[in-house]
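Input: a single structure, listed below in structure tokens.
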Amino acid sequence: MTNETEQPLLRAVGVSHWYGGTLGCRDVNFELHPGEVLGIVGESGSGKSTLLACLSARLQPTAGQVLYRTRYQGTVDIYGLSEAERRLLMRTDWGIVHQNPRDGLRLAVSAGGNVGERLMAVGARHYGRIRETANAWLERVEIDAGRIDDRPDTFSGGMQQRLQIARNLVTQPRLVFMDEPTGGLDVSVQARLLDLLRGLVADLGLAAVVVTHDLAVTRLLAHRLMVMRRGEVVESGLTDQVLDDPQHPYTQLLVSSVLQP
Amino acid sequence: MNDVMIRVENLGKTFTLHNQGGVTMEVLRGVEFEVRAGECLVLNGPSGAGKSTLLRSLYANYRLQTGRVWIRHRGALLDLAGAAPRKVLEVRRETIGYVSQFLRAVPRVPALDVVAEPLRLQGETAAGARRKAAALLERLNISPRLTELAPSTFSGGEQQRVNIARGFLPGYPVLLLDEPTASLDAANRAVVIGLIEEAKANGAAVVGIFHDAEVRDAVANTVLDMVEAATESAA
């Protein structure tokens, strides 16, 4: 008898990517189980965004495989799927939260429409129910129901980011990729967003891969951490192990460089 | 009732400070002991003797150079030092509680939910976990007025008691306590002594650091002298 959480949901096997002769990331290996949050940290240019793009079906690796356990068809190599199959997977099973909410939202469509559109993409047709669900999600991400018909370009950065999260989670994905989800936000807005994300991830049992350069974010969100430098993973472990007892010179430098308020 | 709950074998921990000239500090070497159900082992020794390092090693917060940390988990001894990350999380969720010296408060989360969280992770309902959390906070003399507020604004002693409540509420079979009474007054120290005694009576194995002699004498079955157990050198 195997438990649902005993099998990895996502597996990276020797994932490498070169941009021509320039290394993006090299030989990355890990397993992610349902309900687990993996943080990827490192400075700009360390390869973390390249890795995230490879993992989330947006950038074909030069070498290696990204394996995903689907709901009905067993484990598949996501770059072995047809374009149509991959799009369906991204719509039904995955969410991608971009650093800049404008990359993940449709600014010319109302807030409710942004959320409802995703539901329609997976087959919802009943207008009343779509609106009801959209409303419930706006409330869940702490956006006033009175703003449902407003366009997101009238929202603050923090509200846009929360709307992007609602748009991603409304279809109940199993795996969410987040690229600097709190980057570019004020500290007070960050705290609220982090608290929200933390609650949602735990309540929904989501698996997530979170790329960030902010170690405090990983402490709050991630169970495990991978530290990247110059395209390679230099250290990994439980988040508290990596932050409290860093082994690699680069991780030690990262941890000791954080200012304590 | 007197099963071995913790068995430490040849535990060694060395820190290498790569950005400070590669200095190595051997803090623990060849540490060995056992703690049985219902017993409390107190780590004793001067500041810098490695007491907190040892406690963090037992929680797999620090990674070891040598040795094994056997913890009784789901009925059998499991080497936490060699366990996979997911296994360590499972052991922490079900078996080991760790009360650190300072509360790491999450912004915006009320004290009641901070305390209730470990019980919720064990599958308790939100309402049930909050009810039990409220009762324990009251016993620790935290005013009900405060429990709906985030503890980041609390006094040091109040934060410490929130931390204690969070650690004791799930009734873990193994408890690691790092100076839980450091910033408490006499009345609250007595409450904590009572909690430790109850945990022992329920079969928990406790390893603790207590600077307060009154607390130490009240709860200790065995004392581990860290100057003899550990070694400290820099090269």
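A short reminder: the numbers here are calculations on the coordinates, not readings from a lab. None of these values were measured; they are calculated from a predicted model. A quick note on method: Cβ atoms are made from the backbone with ideal geometry, for glycine too, and the neighbour counts reach across all protein chains shown.
If you take the beta carbon distance between B:THR14 and B:VAL223 as r and set R0 to 22 Å, what does 1/(1 + (r/R0)^6) give as a FRET efficiency, to the nearest 0.05?
Taking R0 as 22 Å, the efficiency between B:THR14 and B:VAL223 is 0.30.
How about region A:75-119: which trypsin sites (Lys or Arg not before Pro) there are in a DSSP loop, with at most 16 other Cβ atoms within 10 Å of their Cβ?
Those satisfying the criteria are A:ARG106.
Taking chain B as a Gaussian network, Cα atoms linked when under 10 Å apart, which of B:LYS87, B:LYS13, B:LYS200 shows the biggest mean-square fluctuation?
Maximum fluctuation in the GNM of chain B, among the listed residues, is at B:LYS87.
Restricting to chain A, compute how many DSSP beta bridges are antiparallel as a %, nearest 5. It would help to have the intermediate numbers written out before the result.
On the way: 21 of 38 bridges.
Looking only at bridges with both residues in chain A, the antiparallel portion is about 55 percent.
What is the extension gain from A:SER188 to A:ARG58, computed as 0.36 nm multiplied by their sequence separation minus the C-alpha to C-alpha distance, in nm to one decimal?
43.6 nm
Of B:ALA49, B:ALA76, B:ALA116, which is the most mobile in a GNM of chain B whose springs link Cα atoms less than 10 angstrom apart?
Checking each option, the largest mean-square fluctuation is seen for B:ALA76.
Restricting things to alpha carbons, tell me how big chain B is in terms of Rg and Dmax, in Å.
17.8, 54
Provide the net charge surrounding A:ALA216, with neighbours chosen by a C-beta distance below 15 Å and charges set as Lys +1, Arg +1, Asp -1, Glu -1.
Around A:ALA216, the surrounding residues sum to -1.
When Lys and Arg each count +1 and Asp and Glu each count -1, what net charge do the other residues less than 12 Å away from B:ARG7, Cβ to Cβ, add up to?
Numbers: positive: B:ARG36, B:ARG68, B:ARG72; negative: B:ASP3, B:GLU9, B:GLU32, B:GLU34, B:ASP79.
With Lys, Arg at +1 and Asp, Glu at -1, the net is -2.
Which residues does the label zone of A:ARG230 cover in region A:12-35, counting backbone N under 12 Å from a point 7 Å along Cα→Cβ?
A:23
Hey, can you grab everything whose amide H is under 5 Å from the amide H of B:THR14? Only 5+ residues off in sequence or another chain; H modelled, so Pro and N-termini drop out.
The list, which skips near neighbours in sequence, is B:VAL27, B:GLN65.
List the trypsin sites (Lys or Arg not before Pro) within region B:122-168 that fall in a DSSP loop (any state other than H, G, I, E or B) and whose Cβ has at most 15 other Cβ atoms within 10 Å.
Taking region B:122-168 and a limit of 15 other Cβ atoms within 10 Å, the loop trypsin sites (Lys or Arg not before Pro) found are B:ARG145.
Treat each spin label as a single point 7 Å out from the Cα along the C-beta direction, and report the A:ALA216 to B:THR24 distance in nm.
3.6
For each of B:MET5, A:MET120, B:MET226, count neighbouring Cβ atoms within 10 Å of the residue's Cβ, then give the residues from fewest to most. Before the final figure, lay out the partial values.
Numbers: B:MET5 26, A:MET120 12, B:MET226 23.
In order of increasing Cβ crowding within 10 Å: A:MET120, B:MET226, B:MET5.
Between A:ARG151 and A:LEU107, 0.36 nm times their residue separation minus their Cα-Cα distance comes to what?
15.2 nm
Is the shape of chain A rounded, prolate or oblate, going by the alpha carbon gyration tensor and its root eigenvalues a ≥ b ≥ c, with a/c under 1.5 for rounded and a/b larger than b/c for prolate?
Oblate, because a/c is 1.5 or more while a/b does not exceed b/c.
Assuming R0 = 56 Å, can you tell me the calculated FRET efficiency for the pair B:GLU32 and A:ARG91, based on Cβ-Cβ distance, to the nearest 0.05?
For R0 = 56 Å, the calculated efficiency reads 0.50.
Pull up the cross-link candidates among the aspartates and glutamates for B:LYS51, meaning alpha carbon to alpha carbon under 17 Å and not fewer than 8 places away within one chain.
A:ASP244, A:ASP245, B:GLU9, B:GLU26, B:GLU32, B:GLU34, B:ASP178, B:GLU179, B:ASP212, B:ASP225, B:GLU228, B:GLU232
Would you please name the trypsin sites (Lys or Arg not before Pro) within region A:1-71 that are DSSP coil residues with at most 14 other C-beta atoms within 10 Å of their C-beta?
Here the sparse-neighbourhood loop sites are A:ARG58, A:ARG71.
Given labels modelled 7 Å from the Cα in the Cβ direction, how far is it in nm from B:GLU94 to B:SER183?
Here the answer is 3.5 nm between the modelled labels.
On a full-extension model of 0.36 nm per residue, what is the gain between A:GLN247 and A:SER82, subtracting their alpha-carbon distance, rounded to one decimal in nm?
Going from the current span to full extension adds 55.2 nm.
Convert each backbone phi in region B:88-97 into a coupling constant with the Karplus relation 6.51 cos²θ - 1.76 cosθ + 1.60 (shift: θ = phi - 60°), then list the ³J(HN,Hα) values in order as whole Hz, x for Gly and Pro.
4, 4, 5, 5, 5, 5, 9, 10, 10, x
Can you tell me the FRET efficiency between A:GLN172 and B:THR66 if r is taken as the Cβ-Cβ distance and R0 is 60 Å, rounded to the nearest 0.05? Walk me through the numbers on the way to the answer.
Working: r = 46 Å, r/R0 = 0.77.
That gives a FRET efficiency of 0.85.
First select every other residue whose beta carbon is under 13 angstrom from the beta carbon of A:ARG58; then total the charges, Lys and Arg +1, Asp and Glu -1. Intermediate values should be presented prior to the final figure.
On the way: positive: A:ARG86, A:ARG87; negative: A:GLU83, A:ASP103, A:ASP179.
Summing Lys/Arg as +1 and Asp/Glu as -1 gives -1.
What is the spin-label model distance, in nm, from B:ASN2 to B:ALA76 if the labels are put 7 Å beyond Cα along the C-beta direction?
2.6
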